[in-house]
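All of the numbers you see were taken from the coordinates with simple rules; none came from a lab. The structure presented is a predicted model; accordingly, all values stated were derived computationally and were not measured. Neighbour counts run over all protein chains shown; Cβ positions are idealised from the backbone, glycine included.
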Amino acid sequence: MSENYYVDLEVGGTISQANATTVLDIINNNFEDGTFSINFKNPTEDKLEGNGWISFNEYEEIENRLREMNVTFRFTMYPKEDYPGILLYNFPELNLSGQTSADNNGHPIIRNSEINPLLNLMVDLIKSGPNVLPTHINNEPIKDLIKSLLEKPDDLIPILENHIKTIAPVIPDVPELVITKE
C-alpha cells in the first residue's frame, strides 16, 4: 500500500471542451473536493480545481495525462514528513513547463546549493569582469553554464538570464478558464 499525499490541481487557460471533460473526469475520479461539473454553454468557473489525498502513483498518472493534453495547470503535492513537496506546472501559451520543489504553501523552493554557485559567479563577474570565468569551470553545478559563457562571451547576459529562469522560474497564476468547442 502506498502512502497518500495532499495535492492541489488547478487547470485554466484556453482548452477544448473535450479536454475540459477529461479534466473533470480526472477530478471526479481522484479528488474529494473541487470542480465536479461545468455548464459548457455558459461556463462560470475561473478554473477547474481538485484537491485531496492521493498516492504518488496517482499523482504521476494525473501529471502524465495533463501533459499529454498540454493544458495549462499547476499541480502541487505538499510536503509530508521526510518527503519534499513538488510543484508541477505547464503554461503552453508561455512556453513554460517544469517541476520544482514546493513548501507547505505550494510556493517554489530554491535550494542554496542550486543558487549559491550562480550568485558567486555573478559577484565575481561584477567585481572582475568576464576574465574570471575560467576560475569557475570546475564548479560542478555551473560547469555547463561556464562552458556556454566561454563559447559565446558576447551572449553573457542572455545566457545568464536563461540559466536564472531555469533554476528560479517565475511561475504565474493559472489564467482564467476559456473553453473552446474544438
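Filter the cross-link list K80/K147; K80/K143; K127/K147; K80/K165; K127/K165 down to pairs whose alpha-carbon distance in this structure exceeds 29 Å. Check vs 29 Å cut-off fails for K80/K147; K80/K143.
Comparing Cα centroids, segment 76-130 and segment 46-74 end up 21 angstrom apart.
Counting neighbouring Cβ atoms within 10 Å and putting the fewest first, the residues F73, F91 line up as F91, F73.
Once every Cα of the chain carries one equal point scatterer and solvent is ignored, give the base-10 log of I(q)/I(0) from the Debye formula at q = 0.10, 0.11, 0.14, 0.20 Å⁻¹, two decimals. These q points yield log10 I(q)/I(0) values of -0.52, -0.60, -0.82, -1.24. Overall, segment 112-167 carries a charge dipole of about 80 debye about its Cα centre when +1 sits on the Cβ of Lys and Arg and -1 on the Cβ of Asp and Glu, all other atoms neutral.
Sites listed here are GluC sites (Glu not before Pro) in segment 61-100 whose DSSP assignment is loop and whose Cβ has at most 14 other Cβ atoms within 10 Å: E81.
Look at M77, M69, M122 and count the other Cβ atoms within 10 Å of each Cβ; fewest to most, that gives M122, M69, M77. First check a/c for segment 112-167, with a ≥ b ≥ c the square roots of the eigenvalues of its C-alpha gyration tensor; if it is under 1.5, answer rounded, and if not, answer prolate when a/b is larger than b/c or oblate otherwise. Rounded, since a/c falls under 1.5.
Counting other Cβ atoms within 10 Å, which trypsin sites (Lys or Arg not before Pro) in segment 32-131 have at most 12 and lie in a DSSP loop?
Hits after loop and neighbour filter: K41, R111.
Our helix-only sum for the chain, with -39,500 (n - 2.57) per DSSP H run of n ≥ 4 divided by its residues, gives a mean residue ellipticity at 222 nm of -11500 deg cm²/dmol. Counting neighbouring beta carbons within 10 Å and listing from fewest to most, the residues K181, K165 come out as K181, K165.
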